[in-house]
Structure formats: structure tokens, C-alpha cells
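All of the numbers you see were taken from the coordinates with simple rules; none came from a lab. Owing to the predicted nature of the structure, the values given are computational and were not obtained by experimental measurement. No Cβ is skipped: glycine too gets one built from the backbone with ideal geometry, and neighbour counts run over all protein chains shown.
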Amino acid sequence: MNGFSFLKNSSLESVKNDSTSIALLGHGDGVEVMKQKIAPGKLLVLFPSDNADATEFYYIIDGCITGEVDSEDLEMKAGDFFSAKGLEGTVQFRAKTEVTVLIVTTEPLFHYLSNEIAELRKVGEQVEQKDRYTYNHSSRVANYAVKTAAKMTLAKEEVKSLMIAAILHDIGKINVPEEVLNKVEKLTDEEFGLLKRHPIDGADMVRKTAYAHIAPIIEQHHERINGSGYPFGLESGDILTEAKIIGVCDTFDAMTEDRSYRKADSAEAAVEEIRRLRGILYDPEVVDAFMEVLSEEGRIRSS
Ligand SMILES: [Fe+2]
Ligand SMILES: [Fe+2]
């Protein structure tokens, strides 16, 4: 039936190491449901979250764990459950036997564990090494993008996709020759043609994974609302909001961090340029939200 999905004895994606295996059973509206298996003697650790509202819920399906919380010894078995919200410190449990736990969390974390994302992040790191100006570029863009999204009305699930897409947005540059990435002079048409492939190549790389749904965001991060962008020359209504957000944050970071020796000046200059092109290349709502973020971060004086 439409809207119903059934995965018999399976999972959407899973990761494994010697001591644990975690399977993603489902996700939606910012909530993730996972099943974790822990080997005997290994630890289950709960970490405090930056987000005070984040809640994690654990239900022990099988096995037994022991631990100490507030100097009280705890032993929990199949059928027992506990939750964590606003933890002050880490809490550790040890598996007495092999343990299976069902975890429900309102703060999506599976993509941090995902092997597929980890592999693609490695490609991103190689790109940043190839292109001498882009060290940490992707994580800065992701940081700006998530903060900008928080000023707009995006669903939790969209923010999560945005974050992963922002981290991976330039992985397609792995196919662009180093000389082209680092060329100071104007690119020839042929060189620009090579560079212009990177959104499509990046999207193709992601399409082969469980994160295929973020491929269109990566594909569109150089589209501009007046249709002057690439690779497709899409216009505003056809460009995803997430791609518009990455487009603005990416432009700002590329403009400011290139010349780190005069960062403060160039932040103002970059902002002036982005404001000038607000409504021409860049979505006005995105620009306004991003400006709020920059002034809150003290990168620019609020206007
Ligand atoms: Fe790019
Ligand atoms: Fe970029």
C-alpha cells in the first residue's frame, strides 16, 4: 500500500566493526530508529548532546548490560529501557552477554557512522588537498548552510540532507585536473567545461549510495536563480532551496577564505557582492537568512 514499507529482516543501511554493528531501520522527520548489536565485554556509551532537546531512547531486545549511574549499580536485561536527554556527562554500560538494543533518537546520527558517507568524505578530503584554497571549505559551508536553514522554514529531514550535501558538494572535483582547480588566470572554455562537470559527477557518486536523495542538491549547487548557473541553467522555481542555500554559503566561503591574510575586509566585500546580486543570482530569502547568520557570528556589522 502507498505509504507503507516493509523490510523483512533487513535494514536500510548498516555499519559493522569488531565490537558492534548498527543497522538503520527507519528515519523520518528528524527521528532515527536503529538496532545495535554489542559484543560481550564491549561498551555502550551515551554522550551528551549539543542540542538540549535531543532525546535518545534505548530498549533492550536481548542480552544484559551493566553500568553505574549516580553511584548506583544498574543491570538491565531484555525488556528494560532507558532514555537520555540533556545528559551532563557520558554514561557507560558494558555488555555482559551479546546485547541487542533498539535505539530511537531525535538527533540523527547514523550518517556519522555510515561507511558510505565516510568513504565519500575521504574523496572530499582529497579534493581539498588537490585544490590548495579549499582546506576545510566543505565543513565551513556545511556549518553556514545549517545555520542559514535554521533561519528559514525547512523540515528537520531537509536540514539533515542539506548538511550531508554541503559536506559532499564538491566531491565531483576529484575528476578535475589539479592545474585547472588551481589556475590563477582565466580558464579556457575547455577548462571551464571540465570544472562545470563537478556537480553532475558528485551527484552520480552519491546516487550509488543509500544517500541518493541528496544527489539533486549536489547537482544544483552552482545553479543561479536567473538561469545563468550550471550545469543545467535552471531558474529559481526549479532549484531546490537546499541547493540555493549551499550556493550562497559556498560563494561567500570561496570569496573570503581564498585570501585569508585579509579576511575581515574580504568578508565585507563578499557580503556587498552577494547583496548586489540578491534577487539576480541568489535567492533573496536565502541571502537575508545568511546575512543574519553572518552578523550573529560577528563576521559583519548588522545592518
Ligand atoms: Fe562546487
Ligand atoms: Fe564549493
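Please give the helix 156-168 orientation as an angle from the longest Cα principal axis of the chain, in degrees from 0 to 90, rounded to the nearest 10.
60 degrees
Convex hull over the alpha-carbon atoms of the stretch 161-241: what's its volume per residue in Å³?
Values: hull volume 7.7 nm³, N = 81.
Enclosed volume per residue, from the Cα hull, is 96 Å³.
Exposure proxy check: Asp70, Asp131, Asp170 ranked by fewest other beta carbons within 10 Å?
Going from least to most buried by this count: Asp70, Asp131, Asp170.
Considering the Cα positions of the stretch 114-296, please state its Rg to one decimal place and its Dmax as a whole number of Å.
In Å, with Rg to one decimal and Dmax whole: 15.4, 42.
To make sure I understand the rule: partners must be aspartates and glutamates, Cα under 13 Å from the Cα of Lys85, and not fewer than 8 residues away in the same chain. Which ones qualify?
The reachable aspartates and glutamates, counting only those whose Cα sits under 13 Å from Lys85, are Asp50, Asp53, Glu56, Glu107.
Using a 10 Å Cβ count of at most 12 others and DSSP loop calls, identify the longest part of the chain lacking such GluC sites (Glu not before Pro). Mind dumping the intermediate values first?
Values: sites that count: Glu88, Glu185, Glu297.
The reported range is 186-296.
Using the alpha carbons of the stretch 1-104, what is the convex hull volume per residue in cubic angstrom, as a whole number?
Cα convex hull per residue, to the nearest whole number: 116 Å³.
Determine the distance separating the Cα centre of the stretch 112-128 from the Cα centre of the stretch 34-87; give it in Å without decimals.
Centre-to-centre (Cα) distance: 28 Å.
Based solely on its DSSP helices, what 222 nm [θ] is calculated for the chain when runs of n ≥ 4 H residues each add -39,500 (n - 2.57) and the sum is averaged over all residues, nearest 500 deg cm²/dmol?
That comes out to -11500 deg cm²/dmol.
How far is helix 284-296 tilted off the main Cα axis of the chain, in degrees rounded to 10, range 0 to 90?
Roughly 70 degrees between the two axes.
Using the 10 angstrom Cβ neighbour count as an exposure proxy, how do Ile171, Ile117 rank, fewest first?
With the sparsest Cβ surroundings first, the list reads Ile117, Ile171.
Relative contact order for the chain: what percent, with Cα pairs under 8 Å and sequence separation of 6 or more?
RCO, the chain: 13 percent.
Would you kindly derive the ³J(HN,Hα) couplings of the stretch 270-276 from the backbone phi angles with the Karplus curve 6.51 cos²θ - 1.76 cosθ + 1.60 (θ = phi - 60°), listing them in order in whole Hz, with x for Gly and Pro?
5, 5, 4, 5, 5, 5, 5
Note down, for the stretch 18-173, the three equivalent ellipsoid semi-axes (square root of 5 times each alpha carbon gyration tensor eigenvalue), biggest first, whole angstrom.
33, 18, 14
What full-extension length gain, to one decimal in nm, is calculated for Glu273 and Thr97 as 0.36 nm per residue of separation minus the Cα-Cα distance? Intermediate results must be reported in sequence, preceding the final value.
Numbers: separation 176, 0.36 × 176 = 63.36 nm, distance 6.09 nm.
Working it through step by step, the gained length comes to 57.3 nm.
Order these by the 10 Å Cβ neighbour count, fewest first: Ser295, Ser5. Could you put the intermediate results ahead of the total?
Values: Ser295 14, Ser5 7.
Final ranking by Cβ density, sparse to dense: Ser5, Ser295.
Can you list the lysines whose alpha carbon sits under 21 Å from that of Lys151, skipping same-chain ones fewer than 8 residues off?
Excluding near neighbours in sequence, the set is Lys160, Lys244.
Please give the helix 198-207 orientation as an angle from the longest Cα principal axis of the chain, in degrees from 0 to 90, rounded to the nearest 10.
20 degrees
Find how much the distance from Asn2 to Arg197 grows on full extension, using 0.36 nm per residue of separation minus their present alpha carbon separation; answer in nm with one decimal.
My answer for the length gained is 66.6 nm.
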